[in-house]
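Asker: For reference, the structure I am asking about is given below.
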Amino acid sequence: MAATVIDGKAFAAKVRGQVAEHVTRLKGDHGITPGLAVVLVGEDPASQVYVRNKGKQTVEVGMASFEHKLDASVSQGELLELIGKLNADPAVHGILCQLPVPDHIDSDTILGAIDPAKDVDGFHISNVGLLGTGQKAMVPCTPLGCLMMLRDHHGSLSGMDAVVIGRSNIVGKPMAQLLLGDSCTVTIAHSRTKDLAGTVRRADIVVAAVGRPEMVPGDWIKPGATVIDVGINRIERDGKNKLVGDCDYASCAEVAGAITPVPGGVGPMTIACLLANTVTACCRANGLPEPEGLTA
Ligand code: GUN
């Protein structure tokens with residue numbers, strides 16, 4: 001039987017709607033406008049597109065957007081000075097420095113300078129530690145989006161076998177922590193995993209986040225499993241430029257119970273979760289209750 005297609009575009013629109021409702025309430029009941037500051041260094045074309053989309057969607061849900069575009073030649077000291085100002089600015093509830101930054105800037109130093117309470121990317125080591133110890137953290141946006149889709153599809157994830165393919169700090173590791181938090185039995189697989197096919201075949205939930213086009217074939221998938229494809233890979237096929245995931249969609253969709261497409265799956269959820277995290281940060285900063293359904 002063909003898999004249920006998990007529509008990330010529709011789900012992201014629903015999350016943005018929930019965010020917009022919280023923003024309306026924060027403005028109307030408390031006179032607070034949540035604000036997100038995005039810092040872009042240099043002119044990487046992909047980063048420019050991401051930052052433009054973030055700014056546009058931030059405004060669409062009623063929040064304040066502060067964009068800081070800095071020349072690629074900016075010094076680390078100048079960038080740290082800007083982050084210091086944003087940390088101190090009460091109108092800014094979330095801060096994101098778009099990665100990658102130019103080589104002369106140390107990204108760990110920059111991420112470490114962002115106030116953990118405003119770290120809507122969830123990349124600060126304080127948030128990594130809080131997530132790892134099951135405490136209230138700011139959670140990285142892409143894994144949070146994957147978790148929301150999984151919870152929506154399954155209800156409880158308790159006791160399920162989950163395999164995360166990929167061990168990045170941005171997706172693989174936090175994804176594994178979130179699944180563990182929802183009582184899955186979690187395996188993190190990676191390029192040195194001995195029997196990747198066999199490991200994936202045991203999983204009720206497969207999250208693929210390796211950045212290798214179509215590397216997971218359908219015959220690795222346990223019949224009925226849920227496949228979350230985080231990959232966004234640009235390839236040439238039949239003389240055309242195409243976006244594909246880390247899973248071979250056609251063959252995986254024949255075996256899986258549910259699957260996210262590429263594009264239109266995980267991708268749209270990332271910015272929606274960034275907006276959700278900004279509302280969460282704003283509520284926490286003002287001692288207000290957590291926005292329901294938008295946090296891990
Ligand atoms: N560059 C690519 N993805 C991301 C992300 O999620 N956050 C930041 N800050 N930069 C990125």
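The values are calculated or read from the model by the stated rules, or taken from the named source; none is laboratory data. The structure presented is a predicted model; accordingly, all values stated were derived computationally and were not measured. Don't worry about glycine lacking a Cβ; one is built from the backbone with ideal geometry, like all the others, and counts go over all protein chains shown.
Asker: What pairs come up if the first residue lies in the stretch 78-89 and is under 17 Å from V101 (Cβ atoms), the second is in a helix (DSSP H, G or I), and their beta carbons are under 6 Å apart, counting only those six or more places apart or on different chains?
Answerer: L80/A113; I83/A113
Asker: Condition test on M149, is it out of contact with any Pro (no Cβ under 8 Å at 6 or more places or on another chain), outside any loop (DSSP other than H, G, I, E, B) and either within 23 Å of A296 (Cα to Cα) or modelled with pLDDT of 95 or more (or both)?
Answerer: Numbers: out of contact with any Pro (no Cβ under 8 Å at 6 or more places or on another chain): yes; outside any loop (DSSP other than H, G, I, E, B): yes; either within 23 Å of A296 (Cα to Cα) or modelled with pLDDT of 95 or more (or both): yes.
It is true that M149 is out of contact with any Pro (no Cβ under 8 Å at 6 or more places or on another chain), outside any loop (DSSP other than H, G, I, E, B) and either within 23 Å of A296 (Cα to Cα) or modelled with pLDDT of 95 or more (or both).
Asker: Ok, one more. Here is a check on your reading of the model: is K173 touching a residue at least 60 places away in the same chain (Cβ under 8 Å) and either surrounded by 16 or more Cβ atoms within 10 Å (Cβ to Cβ) or closer than 30 Å to K222 by Cβ (or both)?
Answerer: The answer is no for K173.
Asker: Have a look at G287, G231, G267 and point out the one that is within 16 Å of the ligand (Cβ to nearest atom) and within 26 Å of M63 (Cα to Cα). Let's see the steps before the verdict.
Answerer: On the way: G287 fails: within 16 Å of the ligand (Cβ to nearest atom); G231 fails: within 26 Å of M63 (Cα to Cα).
Exactly one residue qualifies, and that residue is G267.
Asker: Here are G134, G28: which of them is more than 12 Å from the ligand (Cβ to nearest atom), closer than 22 Å to P291 by Cα and part of a loop (DSSP other than H, G, I, E, B)?
Answerer: Numbers: G28 fails: part of a loop (DSSP other than H, G, I, E, B).
Exactly one of G134, G28 is more than 12 Å from the ligand (Cβ to nearest atom), closer than 22 Å to P291 by Cα and part of a loop (DSSP other than H, G, I, E, B), namely G134.
Asker: Considering only the stretch 49-63, I want to know if a residue exists there that is more than 16 Å from the ligand (Cβ to nearest atom), assigned to a loop (DSSP other than H, G, I, E, B), at pLDDT below 95 and of a type in the set (A, V, I, L, M). I'd like the intermediate steps shown before the answer.
Answerer: Of all residues in the stretch 49-63, those more than 16 Å from the ligand (Cβ to nearest atom) come to 56, 59-63.
Going one step further and asking which of them are assigned to a loop (DSSP other than H, G, I, E, B), we end up with 61-63.
Those still in the list that are at pLDDT below 95 too: none.
No, that holds for no residue.
Asker: Here's another thing I want to ask about it. Output the residues belonging to the stretch 62-99 that are under 24 Å from the mean Cα position of the chain (by Cα) and exposed (fewer than 13 other Cβ atoms within 10 Å of the Cβ).
Answerer: Passing the criteria: only A91.
Asker: In the stretch 64-98, how many are assigned to a strand (DSSP E or B) and of a type in the set (G, A, S)?
Answerer: Our first condition is that a residue be assigned to a strand (DSSP E or B); within the stretch 64-98, this holds for 64-70, 94-97.
Filter once more, keeping what is of a type in the set (G, A, S): 64-65, 94.
Result for the stretch 64-98: 3.
Asker: Further, regarding this structure: Looking at the stretch 90-111 only, could you name the residues that are away from the ligand (no atom under 15 Å from the Cβ) and without any contact (Cβ under 8 Å) to a residue 40 or more places away in the chain?
Answerer: P90, D103, H104
Asker: Same structure, new question: Is the stretch 179-202 home to any residue that is in contact (Cβ under 8 Å) with a residue 40 or more places away in the chain and either under 20 Å from L275 (Cα atoms) or among the hydroxyl-bearing types (S, T, Y) (or both)? Outline the logic, then answer.
Answerer: Within the stretch 179-202, the first condition is being in contact (Cβ under 8 Å) with a residue 40 or more places away in the chain, and the residues that meet it are 181, 202.
Cutting the leftovers down to either under 20 Å from L275 (Cα atoms) or among the hydroxyl-bearing types (S, T, Y) (or both) gives us none.
Looking for residues that are in contact (Cβ under 8 Å) with a residue 40 or more places away in the chain and either under 20 Å from L275 (Cα atoms) or among the hydroxyl-bearing types (S, T, Y) (or both), one finds none in the stretch 179-202, hence no.
Asker: Return only the number of the condition from (1) within 16 Å of the ligand (Cβ to nearest atom); (2) hydrophobic (A, V, I, L, M, F, W, C); (3) touching a strand residue (DSSP E or B) at 6+ places or on another chain (Cβ under 9 Å) that C282 does not satisfy.
Answerer: (1)
Asker: Please specify each residue of the stretch 105-129 satisfying the condition of being part of a loop (DSSP other than H, G, I, E, B) and surrounded by fewer than 16 Cβ atoms within 10 Å (Cβ to Cβ). I'd like the intermediate steps shown before the answer.
Answerer: First, pick out the residues of the stretch 105-129 that are part of a loop (DSSP other than H, G, I, E, B): 105-106, 114-115, 120-124.
Residue satisfying the conditions is D106 alone.
Asker: Now a separate question. From the list V59, V41, exactly one residue is under 30 Å from L243 (Cβ atoms) and surrounded by fewer than 18 Cβ atoms within 10 Å (Cβ to Cβ). Which is it? Spell out the reasoning first.
Answerer: Values: V41 fails: surrounded by fewer than 18 Cβ atoms within 10 Å (Cβ to Cβ).
Answer to the check: V59.
Asker: Of the residues G211, G231, which single one is out of contact with any Ser or Thr (no Cβ under 7 Å at 6 or more places or on another chain), crowded, with 18+ Cβ neighbours inside 10 Å and of a type in the set (G, A, S)? Before the answer, list the steps.
Answerer: Details: G211 fails: crowded, with 18+ Cβ neighbours inside 10 Å.
Unique residue meeting the criteria: G231.
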